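These notes concern the structure reproduced below.
The values are calculated or read from the model by the stated rules, or taken from the named source; none is laboratory data. Bear in mind that the values here come from a model prediction, so they are computed numbers and not experimental data. Positions of Cβ are backbone-derived with ideal geometry, glycine not excepted, and every protein chain shown enters the neighbour counts. Only protein heavy atoms, including side chains, enter the accessible area calculation; ligands, DNA and RNA are left aside. Shrake-Rupley method; radii C 1.70, N 1.55, O 1.52, S 1.80 Å.
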Amino acid sequence: MSIFENLPVSLTQETVLNTPKATLSRDQILQASGLLIASIILLITLVLPLYTILSKSVEDQQGGFIGLANYIDYFSTPALSMSISHTLTIAFITTFIVIGLALLTAYALTRTCMPGRGFFKVFLMAPIFAPSLLPAISLVYLFGNQGVLKGLMFGETIYGPIGIVIGLAFWCFPHALMILVTALSNTDARLYESAKVLRTSGFRTFMTITLPSIKYGLISASFVVFTLVITDFGVPKVIGGQYNMLATDIYKQVIGQQNFSMGAVVSVVLLLPALFAFAIDRWVQRKQVALLSARAAPLIPKKNPVKDWTMLALCLPVPIIILTVLGMAVYASLVSFWPYNLSLSFANYQFDLMDGGGWEAYYNSLEMACWTALIGTLFIFYNAYLVEKIKGLKTLRMLYHLAAMIPLAVPGMVLGLAYVFFFNAPNNPLNFVYGTMAILVICTVAHYYTVCHLTAVTALKQIDNEFEAVSASLKIPFYVTFWRVIMPVSLPALLEIGSYLFMNAMTTVSAVVFIYSADTMLASVAVLNMDDAGDIAPAAAMGVLIMGTCILAKLIHWVFSHYLLARTQRWRAGT
Amino acid sequence: MSDSYLKIIELDKFFGDFAALKNISLDINEGEFVCFLGPSGCGKTTLLRAIAGLDIQSNGRIIQDGKDVSWLSPDSRDFGIVFQSYALFPNLSVADNIAYGLRNRKVKRVDQKERVKELLDIIGLPDSGSKFPGQLSGGQQQRVALARAIATSPGLLLLDEPLSALDARVRHHLRHEIKELQRKLGVTTVMVTHDQEEALSMADRIVVMNHGVIEQVGTPEEIYSYPKTPFVAQFVGTMNFVPCSVVDKGTINVGGNSVCCPQAASMIDQTGVSLAIRPEDIRIRNTEQADNRLLAQVTSMEFLGSFVRSKLSVEGMNDLIIADFSMNDIRDFNISHGDQLALDLPEERLHLFAGEVL
């Protein structure tokens with residue numbers, strides 16, 4: 001025989017695959033080049049910019065390499081390094097509060113017959129439609145120097161840690177609630193019936209069945225909130241006062257002092273806890289697989305008046321607070337001149353009469369959000385399809401999947417700054433996109449890539465893996481099947497991704513605040529700038545406008561999925 | 001070229017260090033219905049997917065209709081395929097599913113319609129063209145998948161466990177239908193299955209596989225009546241194995257009993273030999289003359305409808321052996337638990353295998 005005899009099997013196999021015997025078909029070439037192009041795009045829009053952050057953090061202002069000097073500088077300046085403990089303190093407190101409240105309400109929603117659950121479900125999710133700036137502005141109106149409820153502060157000031165915690169808890173709550181509702185819904189009623197038959201007490205049932213089954217959901221929700229808190233910029237910017245946080249430090253270093261190197265250092269510092277939280281979350285997600293067997297019977301809560309009404313009493317404050325905060329923002333936006341002229345008018349909505357971008361900013365935001373939703377959805381879904389369904393190119397597909405996970409761990413501020421460094425470099429041939437609408441769209445798609453990618457992959461996993469094989473046997477190119485079958489079948493997921501991208505594009509501040517230009521001012525940035533300039537009422541008005549737009553988008557999405565899908569997807573009826 | 005339509009030559013397939021197929025060679029004739037039979041993980045599906053080009057082999061060649069297709073991608077080969085999961089496009093109507101492959105072949109729209117109608121008639125669902133797959137039963141969906149696969153008149157039909165997802169009654173019915181359709185169309189067909197009954201009833205030839213190698217190729221009768229290896233003997237049907245020793249070229253010794261066995265001639269030099277016999281080949285005649293007669297006691301009886309499966313303790317043997325007695329035998333010989341029986345082992349139904357088989 002040959003020399004191959006002494007080689008391990010895997011090596012001989014590789015040798016065989018590398019021989020030019022296997023001919024590539026047109027389909028395979030198209031798929032491979034598609035994935036290659038997508039990988040290059042991901043490299044340019046994500047990996048390379050993040051790399052420039054790292055390299056900038058070890059350079060001086062003139063671009064010379066100075067090693068860790070910036071870091072030494074950073075850690076020896078208490079005013080700067082203080083932010084680390086500030087950020088972590090706020091993150092721990094907020095996470096604790098949010099998880100506690102979210103667990104209580106999620107339990108009430110899924111495991112009891114609490115009256116008014118429909119009402120709860122709608123209003124508890126409301127904060128997700130607003131940019132994080134809005135609750136902060138609202139808190140200023142409620143508890144600020146001229147706030148209506150200032151007395152409740154007992155002499156403490158809202159401008160600082162208290163305000164930050166309340167504002168962030170408010171804004172993060174829906175994210176935690178969603179995860180915990182899902183975790184609590186995935187349970188097997190038979191377990192509870194067994195416990196009952198064995199005469200287990202309610203408390204012991206909770207400790208031995210409920211808690212273990214939502215363990216991973218709890219951990220996951222905690223890390224999501226933790227990450228949101230340390231990376232959010234809107235709340236501490238508006239209400240943080242002199243209390244420095246990492247995210248606001250980046251902004252101050254870059255916008256305030258034009259110290260790009262120090263901005264890069266803070267970015268790297270901010271990236272570390274986010275990466276840590278991300279890694280833990282991924283690890284937990286992996287352990288969570290198949291906790292529930294296909295035969296599990298869903299748990300349907302039984303009426304229990306005492307429990308149900310107790311839960312209502314306990315939970316009621318949550319939607320009341322949410323409605324108060326959002327209602328205050330709406331009210332404040334309509335008041336002519338707070339607190340002196342309380343008559344209602346649309347004066348604050350005359351954005352063209354104020355600095356901050358005017359109505360143009362709002363239209364820009366709409367345009368940006370539409371492009372993001374359209375291009376983002378198609379790009380993300382198509383590439384998720386390639387990653388999930390094509391054969392071969394295993395390493396590239398795995399790398400792509402990994403790269404698609406990165407954005408979840410990267411704070412918006414860091415990504416935005418990375419884009420400045422990367423695309424604004426004069427020697428970058430892509431320099432021309434800087435300052436255009438295009439870079440805002442690209443940045444926003446990159447920023448929110450992970451969740452969309454995972455949604456797409458989940459939807460694609462539910463589609464029969466043999467569709468491609470069947471098409472190939474019928475000599476139908478894969479893209480025809482993608483268009484005629486895969487896309488229509490995945491329409492709900494596509495709509496989900498589209499609306500997610502749209503809403504985030506409308507509300508995001510952190511990433512785009514560094515890369516908008518005079519021509520591409522955005523509504524969310526306008527909120528920030530008007531608040532900065534003291535035009536707090538118009539800022540609230542713009543925030544309310546964004547929220548209204550997002551609610552409208554969600555309604556359209558809802559109508560689409562309920563009525564349009566019901567008609568065009570008649571085939572789903574039978575399945 | 002000989003008359004073989006599909007020629008598989010020395011095929012290997014590795015997944016990492018694991019060899020899923022080891023040096024597989026096989027010829028399949030034109031118009032033949034061949035079943036790959038084996039337990040899960042034996043490589044039968046891997047072999048089918050290699051033939052389709054879905055998972056290309058690591059070594060070896062595949063010749064289809066005189067053309068070397070070894071390294072071609074699936075869309076450059078000529079086959080239709082049906083999967084266990086049906087893989088029907090859920091958002092397309094039954095008619096659109098069947099016409100899916102016709103659209104790309106410059107078939108006129110009128111002719112497409114005609115062809116779809118014809119196929120719907122063939123599969124016995126003439127009025128279901130406008131329905132969606134989700135509105136059909138499992139058996140009906142699998143028929144549609146079959147129609148879609150044969151719509152373009154491929155030279156080779158590949159069936160990957162097509163009946164495994166269906167319930168027993170539908171499975172029996174569809175088994176017959178597929179076989180009839182295949183005979184009518186005369187299309188060369190390869191079916192993968194782990195169900196021996198399916199393979200025995202449908203195939204012209206069965207390829208029994210285990211651990212990535214072919215154990216035996218033959219007609220259903222050959223496979224059942226003359227298994228070449230203990231694995232085949234056990235996997236297809238039930239088989240008793242009893243350790244024995246060869247006395248001379250016509251006799252063996254089983255637990256102290258001398259048994260006539262012409263097959264002993266080929267085992268003369270073997271030290272450890274196993275005697276094998278199927279439960280239904282063990283007879284009770286209670287006649288005077290019988291050469292291979294053993295005495296046994298009935299230790300348990302399991303009623304299985306048309307026959308009774310009983311466990312017997314044979315004199316001089318440690319292990320129980322299984323015998324199937326028809327209900328007629330049970331009545332005629334009045335067999336019941338604990339009875340002493342005289343068993344006849346017909347010498348032409350005995351098999352010998354080298355080595356001890358557990």
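Report, ordered by chain and residue number, the lysines lying within cross-link reach of B:K249, taken as a straight Cα distance under 29 Å and ignoring same-chain residues fewer than 8 apart. Straight-line reach from B:K249, under 29 Å: B:K228. When A:W483, A:W309, A:W359, A:W171 are compared by accessible surface with a 1.4 Å probe, the order from highest to lowest is A:W483, A:W309, A:W359, A:W171. Note on A:H401 and B:E114: the model spin-label points, each 7 Å out from Cα along the C-beta direction, lie 4.8 nm apart. Extension gain for A:A279-A:A425 works out to 49.4 nm (0.36 nm per residue, less the C-alpha to C-alpha distance). At what distance in angstrom do the alpha carbon centres of segment B:206-274 and segment A:104-179 lie from each other? Here the answer is 78 Å between Cα centres. Ranking A:L326, A:L149 from most to least accessible surface, computed with a 1.4 Å probe over the protein chains only, gives A:L149, A:L326. When Lys and Arg each count +1 and Asp and Glu each count -1, what net charge do the other residues less than 13 Å away from A:P212, Cβ to Cβ, add up to? My count for the surroundings of A:P212 gives +2. Beta bridges per DSSP, both residues in segment B:4-234: antiparallel share near 55 percent. Rounded to 0.05, the FRET efficiency of the B:R183 and A:L374 pair, given R0 = 51 Å and the Cβ-Cβ distance, is 0.45.
Give me the percent relative contact order of segment A:111-233, please, defined on Cα pairs under 8 angstrom at least 6 residues apart. List each step's numbers first, then the result.
Details: 74 pairs, mean separation 32.4, N = 123.
Relative contact order for segment A:111-233 comes out at 26 percent.
What shape does segment A:68-345 take by its C-alpha gyration tensor, where a ≥ b ≥ c are the square roots of the eigenvalues and a/c under 1.5 counts as rounded, a/b above b/c as prolate, and the rest as oblate? Walk me through the intermediate numbers first.
Values: a/c = 2.78, a/b = 1.39, b/c = 2.00.
Oblate, because a/c is 1.5 or more while a/b does not exceed b/c.
If you roll a 1.4 Å probe over the heavy atoms of the protein chains, what accessible area per residue do you get for the protein assembly as shown, in Å²?
Values: 42530 Å² over 933 residues.
Ligands and nucleic acids excluded, the figure is 46 Å² per residue.
Remark: segment B:272-282, residue by residue, has Karplus-estimated 3J(HN,Hα) of x, 10, 10, 8, 10, 8, 6, x, 7, 8, 7 Hz, where x stands for each Gly or Pro and the curve is 6.51 cos²θ - 1.76 cosθ + 1.60 at θ = phi - 60°.
Taking every alpha-carbon pair under 8 Å whose residues sit at least 6 apart, chain A reaches a relative contact order of 21 percent.
Taking 0.36 nm per residue of separation and subtracting the Cα-Cα distance, full extension of the segment from B:D127 to B:D68 would add 17.1 nm. In chain B, excluding the sites themselves, the longest stretch lacking any of the trypsin sites (Lys or Arg not before Pro) that are in a DSSP loop with at most 11 other Cβ atoms within 10 Å is B:109-358. Backbone amide hydrogens, once placed in the peptide plane, bring B:M209 within less than 5 Å of B:L37, B:G38, B:E215, excluding anything fewer than 5 places away on its chain.
Simple spin-label estimate for A:I37 and A:L314 gives 5.5 nm between the two label positions (7 Å along the Cα-to-Cβ direction from each Cα). Going from the chain on its own to the full set of protein chains, segment A:454-471 has these residues losing 20 Å² or more of accessible surface (heavy atoms, 1.4 Å probe, no ligands, DNA or RNA): A:D464, A:E466, A:F467, A:A469, A:V470.
Using a probe of 1.4 Å on the protein chains alone, the accessible area found for A:Y71 is around 40 Å². Around the amide H of B:V247, modelled in the peptide plane, lie the amide H atoms of B:I252, B:N253, all under 5 Å away and 5 or more residues distant in sequence or on another chain.
In the protein assembly as shown, the DSSP beta bridges split such that about 75 percent are antiparallel, to the nearest 5. Only DSSP H runs of four or more residues enter the estimate; each adds -39500 (n - 2.57), and after division by the residues of chain B the mean residue ellipticity at 222 nm equals -7000 deg cm²/dmol. Taking all protein chains together and rolling a 1.4 Å probe, A:Y449 ends up with roughly 10 Å² accessible.
From other protein chains only, count the Cβ atoms within 10 Å of every residue's Cβ in B:81-90, then give the mean. Could you put the intermediate results ahead of the total?
On the way: counts 6, 3, 6, 1, 4, 3, 9, 5, 12, 11.
For this peptide, the per-residue mean of nearby foreign Cβ atoms is 6.
For segment B:4-234, the fraction of 1.4 Å probe accessible surface lying on carbon and sulfur atoms is 48 percent.
Taking both sides together, what accessible area is buried at the B/A interface, probe 1.4 Å, expressed in Å² and rounded to the nearest 100? Provide the component values of the computation, followed by the final result.
Working: alone 17600 and 28290 Å², together 42530 Å².
Summing both sides, the interface buries roughly 3400 Å².
In this simple spin-label approximation, B:Q270 and A:Y363 carry label points 7 Å from Cα along the Cα→Cβ vector, and these lie 9.1 nm apart. Backbone N atoms of segment A:313-350 closer than 14 Å to the 7 Å Cα→Cβ label point of A:N145 belong to residues A:339. Mind checking which aspartates and glutamates have their Cα closer than 15 Å to the Cα of B:K13? Skip sequence neighbours fewer than 8 apart in that chain. Answer for B:K13, where 15 Å is the Cα cut-off: A:E14, B:D55, listed by chain and number. Structural descriptor for segment B:4-234: relative contact order 28 percent, calculated from alpha carbon pairs under 8 angstrom and at least 6 residues apart.
The lysines whose alpha-carbon is closer than 28 Å to the alpha-carbon of B:K184, local same-chain residues fewer than 8 away aside, are A:K475, B:K7, B:K44, B:K67, B:K106, B:K108, B:K113, B:K117, B:K131.
Leaving ligands, DNA and RNA out of it, rank A:M262, A:M354, A:M207 by accessible area with a 1.4 Å probe, largest first. Don't skip to the answer; put the middle values down first.
Details: A:M262 10, A:M354 45, A:M207 90 Å².
My answer, sorted largest first, is A:M207, A:M354, A:M262.
Partner shielding of B:43-49 amounts to 0, given as the average count of beta-carbon atoms from other chains within 10 Å of each residue beta-carbon.
Summary of the geometry: segment B:289-310 and segment A:396-458, compared by the centres of their Cα atoms, lie 76 Å apart. The H on the amide N of A:I66, modeled in the peptide plane, is under 5 Å from the matching H of A:E59, A:D60, each at least 5 residues off or on a different chain. In a shell of Cβ-Cβ distance under 15 Å around B:P162, excluding B:P162 itself, what net charge do Lys and Arg (+1) and Asp and Glu (-1) give? Value of the local net charge: -3.
Shown for chain A: the carbon plus sulfur share of the solvent-accessible area, taken with all protein chains present and a 1.4 angstrom probe, equals 68%. Averaging the Cα positions of each part gives two centres, and for segment A:217-263 and segment A:361-378 these lie 25 Å apart. For the peptide A:384-392, the mean number of other protein chain Cβ atoms found within 10 angstrom of a residue's Cβ is 1. Counting 0.36 nm for each residue step from A:S561 to A:S194 and taking away their Cα separation leaves a gain of 128.3 nm.
Restricting to DSSP H runs of at least four residues, report the calculated mean residue ellipticity at 222 nm for chain A, -39500 (n - 2.57) per run over all residues, nearest 500 deg cm²/dmol.
Working: 27 runs with 374 residues, N = 575.
Mean residue ellipticity, 222 nm, calculated: -21000 deg cm²/dmol.
Counting only whole DSSP H helices of chain A, the ones at least 20 Å long by C-alpha along their axis and with mean Kyte-Doolittle hydropathy no lower than 1.0 are A:26-42, A:78-111, A:161-185, A:211-231, A:260-287, A:317-334, A:491-507, A:536-559.
List the trypsin sites (Lys or Arg not before Pro) within segment A:177-229 that fall in a DSSP loop (any state other than H, G, I, E or B) and whose Cβ has at most 14 other Cβ atoms within 10 Å. Walk me through the numbers before you get to the answer.
Working: sites: A:R190, A:K196, A:R199, A:R204, A:K215; in loops: A:R199.
Of the trypsin sites (Lys or Arg not before Pro), the ones in loops of segment A:177-229 whose Cβ has at most 14 other Cβ atoms within 10 Å are A:R199.
3J(HN,Hα) along segment B:234-250: 7, 6, 9, x, 10, 9, 8, 10, 9, x, 8, 10, 7, 8, 9, 6, x Hz, from the Karplus curve 6.51 cos²θ - 1.76 cosθ + 1.60 with θ = phi - 60°, whole Hz, x for Gly and Pro. Within the shell defined by Cβ-Cβ distances under 10 Å, the residues around B:A323 carry a net charge of 0, with Lys and Arg each +1 and Asp and Glu each -1.
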